[in-house]
Amino acid sequence: MVEKSEMEKIYMDYLRQLSKASADRFLRLALSRAVESYRRNTETALRLFPYTVELAEKLREIKEYSLLHVDELISQARDMIEDLKGHFYLAKTPDDAMDYIGDLVKPGDIVVKSKSLTSEELHMNPRLEEMGCEVYETDLGEFLIQQLKSKPMHILSPAIHVPREKAAEVISKAVGKELPPDIPLLVGEVRKLLRGKFFEAKVGISGANVIAAETGSVFIIENEGNARLVTGLPEKHIVIAGIEKLVPSLLDAMIAVEVTSRYANYKAPAYVSMISCPSKTGDIEKQTTYGAHGPKEYHVILLDNGRKEMIKDPIYRQALYCLRCGGCMYNCTIYPLVAGNFGYIYMGGIGVPLTRFLLGGLERAAPIAYTCTMCGRCVEHCPMKIDVPKIVQKIREEAAKAGIMPERLRENLGEITGVKI
Amino acid sequence: MAGNVLLWLGCVYRKNLVAEKESILSVFRAAGVDFETLDDEGCCYLPIFLAGKTDMAKERADELESVLSGYRMIVTPCPACYRMFNQIYPEELGKNLRPEVLHTSQFFLRLMKEGKLAPRKEVNMKIMYHDPCELGRHSGVYDEPRELISLIPGLDLFKQRYEREKAICCGGGGLLSAFFPSLAAKVATRKLEEEDRVPDDLEAIVTGCPQCISNIRAGIRYLKNKQLRMNLKVINMAQLIEMSLGR
Ligand code: SF4
């Protein structure tokens, strides 16, 4: 655990960051537009498909069951993936996962990635670069973030804080010519730039939205089509996902796909990819040959990294039901003022337990926990009805026990309540 | 003292909202309620609990139990205290208080229905009711404050975009206003402008929480609209009732 003085510095830096963000007019404007459009779209999607709400309740049960039987599901998925000639690896720590990936890449390799928050737990990009790889984020938002060397500001729309003028600057630099702030034109330029990279890439790395244990099939929801290319063009495809993404059956996985997309404000996402093994053909003499048009090698890495510890605790366990739909943030009290600054890498109220266990630790989770107003509005909107205030309360208890309650809170509370804490 | 009503004021009213507190006392008196207050009330320790100091909250609950059990009923104008006694005590601290605990909005409504409080005078004011998180989402008290407001003649009630379960937090909860007051105030400003979208001619926000009163007042100072910034008041139920009683 960190020293008290160091912790105070973390709190102060964090508060300064919030102050700065909340005073940024462009950010506020971008956020308020995003909030309104998210709410409008989700409302429409749920009006058109009202049964999604019931499906979400069912999904919560599926998720709970899956977490309580995670070891079973892991071995089921492993057996099937290996049976279908894919490779499976259960990584206990981010280092284990990176070691495994390290064996699959060579210096000079081009690596294309589609959106994966889990890969942040591995510090994947800088570490791949250290290994001599050239890494490209191919989701447009992630691409911008990567070029800006900043951090994602929303789990679904990472570049929510980047206006078109800024995007033009960044993309101009990347393609080496001056571009106007014209959105379709900018999108076209990135498409051109990345198209080549998809073909040159030796390795494609993706996340997963949900994984069906019975067949080991990975589902990826997306709109841009980049994940199709990442998972389809290079010779090797590596999936990195947390163990909480497992559900028992293909049908369960489809429920997760449907609920996640609706609450992520889509009537239907442009693409859902289901991937179970390397590409293959048996068209000549029924001889199965691996590596037809798609990847020849397929690896699924499931990451523990503290998740099993979370599963043991009934309050923290809920945090692993999270679908990363992003809805809570658009209905949050704090997020619309400061975006992902209310967070570490994982953000918002749900980011508190994820930061504590998966990426950052208690010292990074505590500042977020103490700025949550625990209003409970996100619970009303969350498809999984995750009780964020209760989780936040528990993290605060941990922080208080560890002696890292913020000093200014202690003082101000003393003044208000007359109690010496 | 047994058999009496205890008016438990809570730290914010006792220390910071003195005029508002006086209104509460005067409504109690106007209704002829036989009640007591405590000279050495102290904190309910919900803030201490929320800060993460569960043990201290537990000890305080043991200590307070003997004081509180002497009463037939506890009435509090503070939703934090209300939730502490009604929900955190049994659910988190293993304590079941004997007396019934009511929020002032519930108690005043009872008094009105019993005819002990008769708001008659028209209050010609455009108001909005704000659901405090501790009272609404956390305690499920949505109807009584609304019914109470509906019994005051003359009011013009503005309905904001999100109410009840979906109401927008003012930013004063969860200790944010103690940890980072300037951000809490900005939350309130944003809430009024972007979420509730209050009209230019709104005159008062009525709410049942002293913490919300303080924080929304802080947020009003940053409103873009000058008229609102100058004129918009934040008041509690007792102040509203007082106006209607003709004081
Ligand atoms: S906590 Fe709930 S609302 Fe927020 S991202 Fe996860 S599933 Fe969506």
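The values are calculated or read from the model by the stated rules, or taken from the named source; none is laboratory data. All values reported here derive from a predicted model rather than from experimental measurement. Cβ sites come from the backbone with ideal geometry, for glycine too, and all protein chains shown count toward neighbours. Just the protein is used for accessible areas: all its heavy atoms, side chains included, with ligands, DNA and RNA removed. Shrake-Rupley method; radii C 1.70, N 1.55, O 1.52, S 1.80 Å.
Report for the stretch B:5-113 the percent antiparallel among DSSP-assigned beta bridges with both residues inside it, nearest 5.
0 percent
Leaving ligands, DNA and RNA out of it, report the carbon-plus-sulfur percent of the accessible area of the protein assembly as shown at a 1.4 Å probe.
After summing per-atom areas, the C and S share lands at 50 percent.
Amide H to amide H, which residues 5 or more places from A:Leu246 or on other chains are under 5 Å from it, using H placed in the peptide plane?
For A:Leu246, whose amide H was placed from the backbone, the distant partners under 5 Å are A:Ile211.
Filter the cross-link list A:Lys151/A:Lys385; B:Lys21/B:Lys226; B:Lys191/B:Lys224; A:Lys58/A:Lys385 down to pairs whose alpha-carbon distance in this structure exceeds 20 Å.
Pairs exceeding the cut-off: A:Lys151/A:Lys385; B:Lys21/B:Lys226.
Within the P(r) computed for the stretch A:265-421, what percentage of the Cα pairs occupies the region above 23 Å?
52 percent
Note down the nm distance, to one decimal, between modelled labels 7 Å out along Cα→Cβ at A:Lys202 and at A:Asp283.
Spacing of the two 7 Å Cα→Cβ label points: 2.9 nm.
Per residue, what accessible area does chain A have, given a 1.4 Å probe and all protein chains present, in Å²?
Here the per-residue accessible area is 42 Å².
In sequence order, what are the phi-derived ³J(HN,Hα) couplings for the stretch A:50-56 according to the Karplus relation 6.51 cos²θ - 1.76 cosθ + 1.60 with θ = phi - 60°, rounded to whole Hz, with x for glycine and proline?
x, 5, 4, 5, 5, 4, 5
Once the Cα atoms of helix A:250-263 and of chain A are each reduced to a long axis, what angle between those two axes, in degrees from 0 to 90 to the nearest 10, is obtained?
50 degrees
Apply the Kirkwood formula to the stretch B:5-113: the hydrodynamic radius equals the inverse of the mean of 1/r over all pairs of different alpha-carbon atoms; give it in Å with one decimal.
Over the stretch B:5-113, the inverse of the mean reciprocal pair distance is 14.2 Å.
Roughly what % antiparallel, to the nearest 5, for the DSSP beta bridges in the stretch A:99-235?
Around 30 percent antiparallel, to the nearest 5.
Once A and B are treated as a pair rather than alone, how much accessible area drops out, both sides summed, in Å² to 100, probe 1.4 Å?
Looking at A and B, the buried total is near 3600 Å².
If we restrict to alpha carbons, what Rg and Dmax does the stretch A:288-339 come to, in Å?
In Å, with Rg to one decimal and Dmax whole: 18.8, 56.
Could you tell me which of the pairs A:Lys20/A:Lys166; A:Lys420/B:Lys58; A:Lys312/A:Lys420; A:Lys9/B:Lys58; A:Lys106/A:Lys177 are separated by over 26 angstrom between their Cα atoms in the structure shown?
Checking Cα-Cα distances, A:Lys312/A:Lys420; A:Lys9/B:Lys58; A:Lys106/A:Lys177 exceed 26 Å.
The stretch A:364-395: which residues show an accessible-area loss of 50 Å² or more, assembly versus chain alone, 1.4 Å probe?
In the stretch A:364-395, residues shielded by partner chains: A:Thr373, A:Cys375, A:Arg377, A:Glu380, A:Gln393.
Helix A:183-200: angle to the longest alpha-carbon principal axis of chain A, degrees 0 to 90, nearest 10?
50 degrees
Tell me, how many Å apart are the Cα centres for the stretch A:322-353 and for the stretch A:54-80?
25 Å
So which residues of the stretch B:180-221 lose at least 40 Å² of accessible area, probe 1.4 Å, when you go from the chain by itself to every protein chain present?
Hits at the 40 Å² cut-off: B:Phe180, B:Leu183, B:Lys186, B:Val187, B:Arg190, B:Glu194.
Considering Cα pairs under 8 angstrom that are at least six residues apart, work out the relative contact order of the stretch B:126-245 and quote it in whole percent.
30 percent
Counting only DSSP beta bridges with both residues in the protein assembly as shown, what percent are antiparallel, rounded to the nearest 5?
Counting only bridges with both partners in the protein assembly as shown, antiparallel ones make up about 20 percent.
Hey, can you find the accessible area per residue of the stretch B:126-245 for me, probe 1.4 Å, expressed in square angstrom?
Heavy-atom accessible area per residue stands at 34 Å².
Could you tell me which Cys residues in chain A have no other cysteine's Cβ under 4.7 Å from their own Cβ, answering none if every one has a partner?
A:Cys133, A:Cys277, A:Cys322, A:Cys325, A:Cys332, A:Cys372, A:Cys382
Of B:Met73, B:Met112, B:Val27, which is farthest on the positive side of the dipole of the stretch B:5-113, counting Cα position, with +1 on Lys and Arg Cβ, -1 on Asp and Glu Cβ, and the Cα centre as origin?
Of the candidates, B:Met112 comes out farthest on the positive side.
For every helix of n ≥ 4 consecutive DSSP H residues, a contribution of -39,500 (n - 2.57) applies; sum these over the protein assembly as shown, divide by its total residues, and give [θ] at 222 nm rounded to the nearest 500 deg cm²/dmol.
-14000 deg cm²/dmol
Express in whole angstrom the spacing between the alpha-carbon centres of the stretch B:129-172 and the stretch B:178-210.
Taking the Cα centre of each part, the stretch B:129-172 and the stretch B:178-210 sit 13 Å apart.
Which number do you get for Rg(Cα) / (2.2 N^0.38 Å) in chain A?
Taking N as the residue count of chain A, the ratio is 0.99.
For A:Val175 and A:Ser249, compute 0.36 nm times the residue count separating them, minus their Cα-Cα distance, and round to one decimal in nm.
22.3 nm
In sequence order, what are the phi-derived ³J(HN,Hα) couplings for the stretch B:110-115 according to the Karplus relation 6.51 cos²θ - 1.76 cosθ + 1.60 with θ = phi - 60°, rounded to whole Hz, with x for glycine and proline?
Working through the residues one at a time gives 4, 4, 5, 5, 7, x Hz.
Filter the GluC sites (Glu not before Pro) in the stretch B:1-68 to those in DSSP coil with at most 16 other Cβ atoms within 10 Å of their Cβ, and list the result.
Loop-located and lightly packed - none at all.
Which angle between 0 and 90 degrees, to the nearest 10, do you get for helix A:70-83 versus the longest principal axis of chain A when only C-alpha atoms count?
Long axis of A:70-83 versus the principal axis of chain A: about 20 degrees.
Given points 7 Å out from each Cα along the Cα-Cβ axis, report the B:Glu100 to B:Asp34 separation in nanometres with one decimal.
1.6 nm
I need the phi-derived Karplus couplings for the stretch A:349-354: 6.51 cos²θ - 1.76 cosθ + 1.60, θ = phi - 60°, integer Hz, Gly and Pro marked x.
x, 5, x, 4, x, 5
With springs only between Cα atoms under 10 Å, which of A:Tyr330, A:Tyr290, A:Tyr11 fluctuates most in a Gaussian network model of chain A?
Sorting by GNM fluctuation, first place goes to A:Tyr290.
Over chain A, what is the relative contact order in percent, taking alpha-carbon pairs closer than 8 angstrom and at least six residues apart?
Averaging sequence separation for qualifying contacts and normalising by length gives 21 percent for chain A.
What percent do you get for the relative contact order of the stretch A:103-216 when only Cα pairs under 8 Å and 6+ apart count?
Once divided by the residue count of the stretch A:103-216, the mean separation gives 33 percent.
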